[in-house]
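The values are calculated or read from the model by the stated rules, or taken from the named source; none is laboratory data. Here the structure is a predicted model, which means the values were calculated and not measured. Note that we place each Cβ from the backbone using ideal geometry, even for glycine, and neighbour counts take in every protein chain shown. Ligands, DNA and RNA are stripped out before the accessible areas are found, and what is left, the full protein with its side chains, is counted by its heavy atoms. Shrake-Rupley method; radii C 1.70, N 1.55, O 1.52, S 1.80 Å.
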Amino acid sequence: MLRETHRHFKFDWITIILFLLLVGFGWLNILSASHTGETIDYWDFSEPYGKQLMFIFLTLALIVLILSIDSKFYERFSSVIYIISMLSLMGLFVLGKNVNGATSWYAIGGMTLQPSEFAKAATALAVAKYVSDMNTDIHKFKDQIQSFILFAIPAILVLLQNDAGSTIVYAAFFFVLYREGLPKIYLIIGVALVILSLFSLKFGAIITSIAAAFVLIVNHFFTKKKPPLIQPIVILIACIILSSGIKFFYQNVLQPHQKDRISLWLRLEKDPVKLEIMKKTFAYNLNESEKAISSGGVTGKGFLEGTRTTGKFVPEQHTDYIFSTVGEEWGFLGSAMVVIVFVLLLIRILHLAELQKSQFSRMYGYGVASIFFMHFMINIGMVMGLIPTIGIPLPLFSYGGSGLWGFTILLFIFIKLDSNRINEW
């Protein structure tokens, strides 16, 4: 362990306080979602709230360890950390434990460890290190591809473990690269692919292709600086191919439960009988979550007073659906408070990232903010039915030691890097 001497450090206590607020309030809601109505034994490790309390105490020790390490250690050994993290993901295919259809955990005694939660910090370090290297020019296509490969590797490994939710999070690194000069064409292509996918599934490949042709024609005639005619033609052909490919991917590649969730979200099922069956099976969690949130009203039913929470109507409420507990027991005001604290944390991280004197620290800060944002946006949207059901935790809030430690490592490495800002020239 490398320790820094004869230097001055100033930890950002605003970020630390926001972190503690989320962890503390998250634990209260885990307690609500997991207690059985009997006398509460806070150190009952057979209950999720007891285990999470133990995880929180271990987290405090982890924070001390992270902040005691030389800030330069994270930059110098980022490649080693990344390689070790990727090896831990590969090892799951041999030694991994299957839980709910995903082989994403190592069984260690009576506990499980999910390496994909730690891979996010390792990938953020690796991407920041590579792009900030003097020999890297993000404007060059070769360096762009190599940057993509760094976060494509963990994304593919996680996808092969049947954890599609965690795979999507790695798209956050496009925002990081965009801040450092990645051409905006990549973001345009990404947004266009999402829109094209949704239209293809909802309206079919033919209607989507006609709509794409109309947009390209209008754009061609109303743009002052007209591109060569071959450009919109090539784009249209690509749209036609992609529209047909998306439909094929949906029908032949996705798992049945994944198709059903997308079908429910986009209202693709026309048979009312089958639609009702799907709602009672695949949309059960979502329906119960929405009922719990709406029942809370403006001020909520009160701590430990949520009838739907106490009655265990919402499956997995202490993990992915923890926000429904907030909605029922703390109401709109409590839910708004949680959202505001998360937004303040994101704004604070971005503000600190812009103050960094080194490109590595700035990029890593943007990586932290982007990963937190993806988790926050997807989880809240999923619980409220705004996006398809995706198994992904709410950062620092949902039950789980791996998730809590993974986000703690991610955030406090940046806090350590920021504390060394006054020593950099």
Taking the residues in segment 281-294 that are under 24 Å from the mean Cα position of the chain (by Cα) and among the small types (G, A, S) as candidates, determine which candidate is surrounded by the fewest Cβ atoms within 10 Å (Cβ to Cβ).
A283
Would you confirm whether any residue within segment 64-78 is in contact with a Ser or Thr (Cβ under 6 Å, 6 or more places away or on another chain), open to solvent by 20 Å² or more (accessible area, probe 1.4 Å), more than 29 Å from L182 (Cα to Cα) and not hydrophobic (A, V, I, L, M, F, W, C)?
no
Is there any pair linking a residue in segment 215-240 that is over 21 Å from G190 (Cα atoms) and among the charged types (D, E, K, R) to one that is assigned to a helix (DSSP H, G or I) and open to solvent by less than 80 Å² (accessible area, probe 1.4 Å), with Cβ under 7 Å and at least six apart or on different chains, and which?
K226/H220
L92 within 24 Å of V339 (Cα to Cα), aliphatic (A, V, I, L, M) and either in contact with a Leu (Cβ under 9 Å, 6 or more places away or on another chain) or part of a loop (DSSP other than H, G, I, E, B) (or both):
no
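Could you tell me whether I387 is farther than 30 Å from M134 by Cα, surrounded by fewer than 20 Cβ atoms within 10 Å (Cβ to Cβ), of a type in the set (V, I, T) and at pLDDT below 95?
Numbers: farther than 30 Å from M134 by Cα: yes; surrounded by fewer than 20 Cβ atoms within 10 Å (Cβ to Cβ): yes; of a type in the set (V, I, T): yes; at pLDDT below 95: yes.
The answer is yes for I387.
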Does I16 fit the bill of being β-branched (V, I, T) and free of Cβ contacts under 8 Å to residues at least 40 places away in the same chain?
no
Hey, among I108, I56, I84, which residue is open to solvent by less than 90 Å² (accessible area, probe 1.4 Å) and not aromatic (F, W, Y)?
I56
Assess whether N219 counts as being at pLDDT below 85, surrounded by fewer than 17 Cβ atoms within 10 Å (Cβ to Cβ) and under 28 Å from P393 (Cβ atoms).
no
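So that you can scan it fast, the table gives a plain yes or no per residue for (1) at pLDDT 90 or above; (2) buried (at least 19 other Cβ atoms within 10 Å of the Cβ); (3) assigned to a helix (DSSP H, G or I):
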position	(1), (2), (3)
I145	yes, no, yes
L159	no, no, yes
N162	no, no, no
T167	no, yes, yes
L193	no, no, yes
S200	no, yes, yes
I207	no, no, yes
A213	no, no, yes
P227	no, no, no
Could you give me the residue pairs with C-beta distances under 9 Å whose first residue belongs to segment 330-343 and is within 10 Å of L21 (Cβ to Cβ) and open to solvent by less than 20 Å² (accessible area, probe 1.4 Å), whose second residue is assigned to a helix (DSSP H, G or I) and of a type in the set (G, A, S) wherever it lies, and which are 6+ apart or on separate chains?
V338/G26
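This table checks each residue for (1) touching a strand residue (DSSP E or B) at 6+ places or on another chain (Cβ under 8 Å); (2) closer than 15 Å to E117 by Cα; (3) without any contact (Cβ under 8 Å) to a residue 40 or more places away in the chain.
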| position | (1), (2), (3) |
| --- | --- |
| N379 | no, no, no |
| M382 | no, no, no |
| P388 | no, no, no |
| I392 | no, yes, no |
| G401 | yes, yes, no |
| I413 | no, yes, no |
| D418 | no, no, no |
The residue that is modelled with the lowest pLDDT, considering only those in segment 32-68 that are out of contact with any Asp or Glu (no Cβ under 9 Å at 6 or more places or on another chain) and assigned to a loop (DSSP other than H, G, I, E, B), is G37
Being free of Cβ contacts under 8 Å to residues at least 24 places away in the same chain, out of contact with any strand residue (DSSP E or B) (no Cβ under 9 Å at 6 or more places or on another chain) and of a type in the set (A, V, I, L, M) narrows it down to one residue among I188, I168, I153, I138; which is it?
I188
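Identify, from the list G327, G311, G297, the residue that is farther than 30 Å from I413 by Cβ and open to solvent by less than 10 Å² (accessible area, probe 1.4 Å).
Values: G311 fails: open to solvent by less than 10 Å² (accessible area, probe 1.4 Å); G297 fails: open to solvent by less than 10 Å² (accessible area, probe 1.4 Å).
The match here is G327.
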Quick one: N379 ticks every box in (1) crowded, with 24+ Cβ neighbours inside 10 Å; (2) more than 30 Å from G110 (Cα to Cα) except a single one, so which number is it?
(2)
Given the conditions (1) assigned to a helix (DSSP H, G or I); (2) in contact with a Ser or Thr (Cβ under 6 Å, 6 or more places away or on another chain), report the number of the one that I149 does not fulfil.
(2)
Can you work out which of the residues in segment 345-376 that are buried (at least 22 other Cβ atoms within 10 Å of the Cβ) and in contact with a Gly (Cβ under 7 Å, 6 or more places away or on another chain) is nearest to L411 (Cα to Cα)?
I349
